[in-house]
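Asker: Please find one structure pasted underneath; my questions will follow.
Every read-out reported here was derived from the displayed coordinates using simple, explicitly stated rules and does not represent laboratory data. Here the structure is a predicted model, which is why all the values come from computation and not from measurement. Reconstructed Cβ throughout: ideal geometry from the backbone, glycine too, with neighbour counts over all protein chains shown.
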Amino acid sequence: MASPAFEDIAETFDFLDDWEDRYRHVIELGRAMPPLDDALKTPATRVEGCASQVWIQPMPKGEGPEATFDFMGDSDAMIVRGLIAVLHALYAGQSVADVLKTDAQAELARLGLDDHLSSQRSNGLRAMVGRIRAVATEMAG
């Protein structure tokens, strides 16, 4: 089940007819996100498989499958920062177990992102989802 924050994004996307407006909205979501401290931009937090520089820093609350999942992220590309914000809306605040149950591809398909992102950006988005799922799997023990 998608979070209320992700549902808000989906509703906004339904309201915005033009993909250019949706693209701008994703960029605005990225701009509104707090930047990741440079000290956290390390090889350990870097997401491989992205054309841009992308970092995801897990920020869990608690331990095990019932821990609350959260993360911070950043990128050197504005659209990718926006995609990180979309993923944050999808996953943040869920239990680790729910993160692992979330079908990110299906949820993101509701936004029509696959149809409008370059193959490199789509691959990068899949890499970010993969990193989040790997962290959640590790947290679940």
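Asker: Could you identify which residue out of H25, H88, H116 has the top mean-square fluctuation in a GNM of the chain using Cα springs shorter than 10 Å?
Answerer: H116
Asker: Hey, can you grab everything whose amide H is under 5 Å from the amide H of F71? Only 5+ residues off in sequence or another chain; H modelled, so Pro and N-termini drop out.
Answerer: M59
Asker: Okay, moving on. Could you give me the ³J(HN,Hα) list for segment 7-20, computed from phi with Karplus coefficients 6.51, -1.76, 1.60 and θ = phi - 60°, whole Hz, x at Gly and Pro?
Answerer: Using θ = phi - 60°, the values come out as 4, 4, 5, 4, 5, 4, 4, 4, 6, 7, 6, 8, 4, 4 Hz.
Asker: With only alpha-carbon atoms in the gyration tensor, what are the semi-axes of the equivalent ellipsoid for the chain, in Å, largest first?
Answerer: 23, 18, 13
Asker: When a footprinting reagent is the concern and you count Cβ atoms within 10 Å, what order do W19, W55 take, fewest first?
Answerer: Numbers: W19 13, W55 24.
Exposure proxy ranking, most exposed first: W19, W55.
Asker: Are there GluC sites (Glu not before Pro) in segment 1-55 that DSSP marks as loop and that have at most 10 other Cβ atoms within 10 Å, and which are they?
Answerer: Values: sites: E7, E11, E20, E28, E48; in loops: E48.
Taking segment 1-55 and a limit of 10 other Cβ atoms within 10 Å, the loop GluC sites (Glu not before Pro) found are E48.
Asker: With θ taken as phi - 60° and the coefficients 6.51, -1.76 and 1.60, list the Karplus ³J(HN,Hα) couplings across segment 105-115 in order, rounded to whole Hz; mark glycine and proline as x.
Answerer: Once rounded to whole Hz, the list reads 4, 5, 5, 5, 4, 4, 8, x, 5, 4, 6.
Asker: Follow-up. Which parts of segment 107-141 would a label at A44 reach, counting a residue when its backbone N lies under 19 Å from a point 7 Å out along Cα-to-Cβ?
Answerer: 131-141
Asker: Follow-up. Tell me the angle of helix 78-91 to the major Cα principal axis of the chain, expressed in degrees between 0 and 90 and rounded to the nearest ten.
Answerer: 60 degrees
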